[in-house]
Amino acid sequence: IGAYEVDTGRGLITFIDTPGHEAFTTMRARGAQVTDIVILVVAADDGIMPQTIEAINHARAADVPLIIAINKVDLPQASIERVKRELLKQNIVLEEYGGNVQGVEISAKLGKNIDRLLEMILFQSELMDLKADAEAPVRGVVLEALKEEGRGNVVTVLIQQGTLRLGDVFIAGNNYGHVRALLNERNKKIDSAPPSTPVVVLGCAGLPTAGENFVGVEDDRTAREIAFKRQQYQREKDRRVVQRITLDDLYKQIKEGAVKELPLIIKADMDGSVGALIDSLSSIDSDEVKINIIHRGVGVINESDVLLASASNAVIIGFHSIATPRAQQLAKLEKVDLRHYDIIYRAIDDIKAAMAGLLEPVIVEREIGEAEVRAVFSVSKVGAIAGCYVLSGTITRNGKARVRRGVDVIHQGAISSLKRFKDDVREVQAGFECGISVSGFADFREGDRLEAFVEEAQSKKIE
């Protein structure tokens, strides 16, 4: 999530820009929950996409008004009317059709109607009578958190109430800190951040989770006590979750062989990326293979991550996150699978493949040939042999056969011998005669059909 301000001349508008990629559903949801108005940007050439519908649902769930911006109207393939019809299917009725949703046709590339869009936002905010108290205790929400070399923990915050100043003490989720520096979206130092200001805060002792509350407190002691109690509560909560699986349950699951799992450690450059990847993985989970996220974190992959992966037989996934040289050496020594990705789809595809490899294979029958019984012979030490003519495909000695009489299958078994004249052969192709015996069956009759097939093990695919 990126946050920035625009000065319209009539006031400042703060934009929180959420990615359109469907994998970042939670980031978009978090954006809808901290905003007063949602601008839904729909491309005039693409129309309503699956992620557009998700964004609409998030806006409705957050109970915030929508403004529709139909973008790329300058393109020759743009179809504005099609977009409006598709919006109607989602129960979004624009004002021009008698509804209550404002819409504007824009071109971000050419700057067309951008002023009109800003006017709509200001008008909507006046209707909503949006106000905040700049002198109230500081309250906001964490938009993003990451570690940066040289700056430490960097937390992007949207101030919703009060004014944050240098030196202020704060609580961010389970962490606390002092405001060491405040930076705006252009990386310029500022002294204070009033309501509706997106600001980068330096000085947090830890990394809060994106979406957590950011609250100003009076003194250092109070901040430490609150943070300690919250951390204690979180540990207790995590411990209770772990204790839900008893040894009896574990033994039962192992005995039944019903549950297999793929243990993962996920590290990324930003907390939002970690959440997005985990959400995407949860959507490809199956009843037979469970993904077990044993650890998630922000920053570089270190030795501790590798040791945890070694102890739990887990795979480490790094998304825009590199491993330290010592961690790489340790991973090779411990034979830990360490993977790096820059594109979320590639990570998901690889994990799907890994999950499919853990599944029991599916046994698939492949038809290879068909033969007709034209004579029956009895050979000592071998038993009944069917003198056959191969009608199609190939009959192989390592295959199986179904004996079909009319429409009924009367036997199925392995092809125990295959002969051309008196010689044993590996296979006989269509158009040739051969002698076939099938294990466990001797009652061949002229006119019977033998359907030859082989069984192949195929890995299950997870959609």
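Residue count for the range 388-414, restricted to those that are assigned to a strand (DSSP E or B), under 47 Å from the mean Cα position of the chain (by Cα) and without any contact (Cβ under 8 Å) to a residue 40 or more places away in the chain: 5. No other residue among GLY103, GLY111, GLY98 is over 27 Å from GLN160 (Cβ atoms) and crowded, with 16+ Cβ neighbours inside 10 Å apart from GLY103. The criterion of at least 1 residues that are among the aliphatic types (A, V, I, L, M) and touching a Lys or Arg at 6+ places or on another chain (Cβ under 8 Å) is met, among helices (runs of 4 or more DSSP H) falling completely within the range 261-335, by 271-282. Report yes if ASN313 is open to solvent by 20 Å² or more (accessible area, probe 1.4 Å), among the polar types (S, T, N, Q), closer than 30 Å to GLY431 by Cβ and in contact (Cβ under 8 Å) with a residue 12 or more places away in the chain, otherwise no. The answer is no for ASN313. When restricted to residues that are open to solvent by 20 Å² or more (accessible area, probe 1.4 Å) and touching a helix residue (DSSP H, G or I) at 6+ places or on another chain (Cβ under 8 Å), the range 68-77 contains 1.
Within the range 110-118, the presence of a residue that is in contact with a Leu (Cβ under 6 Å, 6 or more places away or on another chain) and free of Cβ contacts under 8 Å to residues at least 12 places away in the same chain is excluded.
Of everything in the range 188-235 that is of a type in the set (S, T, N, Q) and over 20 Å from ASP271 (Cα atoms), the residue that is least open to solvent (accessible area, probe 1.4 Å) is THR197. Has the range 280-288 got at least one residue that is among the acidic types (Asp, Glu), open to solvent by 20 Å² or more (accessible area, probe 1.4 Å) and modelled with pLDDT of 85 or more? Within the range 280-288, none of the residues are among the acidic types (Asp, Glu), open to solvent by 20 Å² or more (accessible area, probe 1.4 Å) and modelled with pLDDT of 85 or more. Of all the listed residues (ILE80, ILE92, ILE121, ILE114), the sole one being among the hydrophobic types (A, V, I, L, M, F, W, C) and touching a helix residue (DSSP H, G or I) at 6+ places or on another chain (Cβ under 9 Å) is ILE92. Can you find a residue in the range 133-140 that is touching a Lys or Arg at 6+ places or on another chain (Cβ under 7 Å) and surrounded by 15 or more Cβ atoms within 10 Å (Cβ to Cβ)? No, because not a single residue in the range 133-140 is touching a Lys or Arg at 6+ places or on another chain (Cβ under 7 Å) and surrounded by 15 or more Cβ atoms within 10 Å (Cβ to Cβ).
Please determine, by comparing only the residues of the range 324-338 that are open to solvent by less than 90 Å² (accessible area, probe 1.4 Å) and of a type outside the set (Asp, Glu), which one is nearest to ASP279 (Cα to Cα). Among those that are open to solvent by less than 90 Å² (accessible area, probe 1.4 Å) and of a type outside the set (Asp, Glu), it is LEU338.
Residue-level check: of (1) of a type outside the set (S, T, N, Q); (2) assigned to a strand (DSSP E or B); (3) open to solvent by less than 30 Å² (accessible area, probe 1.4 Å); (4) free of Cβ contacts under 8 Å to residues at least 60 places away in the same chain, ALA371 misses just (4).
Run down GLY440, GLY387, GLY399, GLY431 and say which single residue is under 14 Å from ALA371 (Cα atoms), small (Gly, Ala, Ser) and exposed (fewer than 12 other Cβ atoms within 10 Å of the Cβ). Among GLY440, GLY387, GLY399, GLY431, only GLY431 is under 14 Å from ALA371 (Cα atoms), small (Gly, Ala, Ser) and exposed (fewer than 12 other Cβ atoms within 10 Å of the Cβ). Listed conditions (1) at negative phi; (2) surrounded by 15 or more Cβ atoms within 10 Å (Cβ to Cβ); (3) not hydroxyl-bearing (Ser, Thr, Tyr) are all met by GLY162, apart from (1).
Of everything listed in (1) in a strand (DSSP E or B); (2) free of Cβ contacts under 8 Å to residues at least 60 places away in the same chain, the single unmet condition for GLY150 is (1). Scanning the range 374-387 for residues being in a strand (DSSP E or B) and closer than 15 Å to VAL438 by Cβ gives a total of 9.
Counting the residues of the range 20-54 that are at pLDDT 75 or above, more than 23 Å from LYS109 (Cβ to Cβ), in contact with a Pro (Cβ under 9 Å, 6 or more places away or on another chain) and not charged (D, E, K, R) gives 1. For the range 443-463, residues that are assigned to a loop (DSSP other than H, G, I, E, B), modelled with pLDDT of 90 or more and open to solvent by less than 50 Å² (accessible area, probe 1.4 Å) total 3.
The values are calculated or read from the model by the stated rules, or taken from the named source; none is laboratory data. All values reported here derive from a predicted model rather than from experimental measurement. For neighbour counting, all protein chains shown are included, and Cβ atoms are generated from backbone atoms with ideal geometry for every residue, glycine included. Protein only, heavy atoms only, side chains kept; ligands, DNA and RNA dropped before computing areas. Shrake-Rupley method; radii C 1.70, N 1.55, O 1.52, S 1.80 Å.
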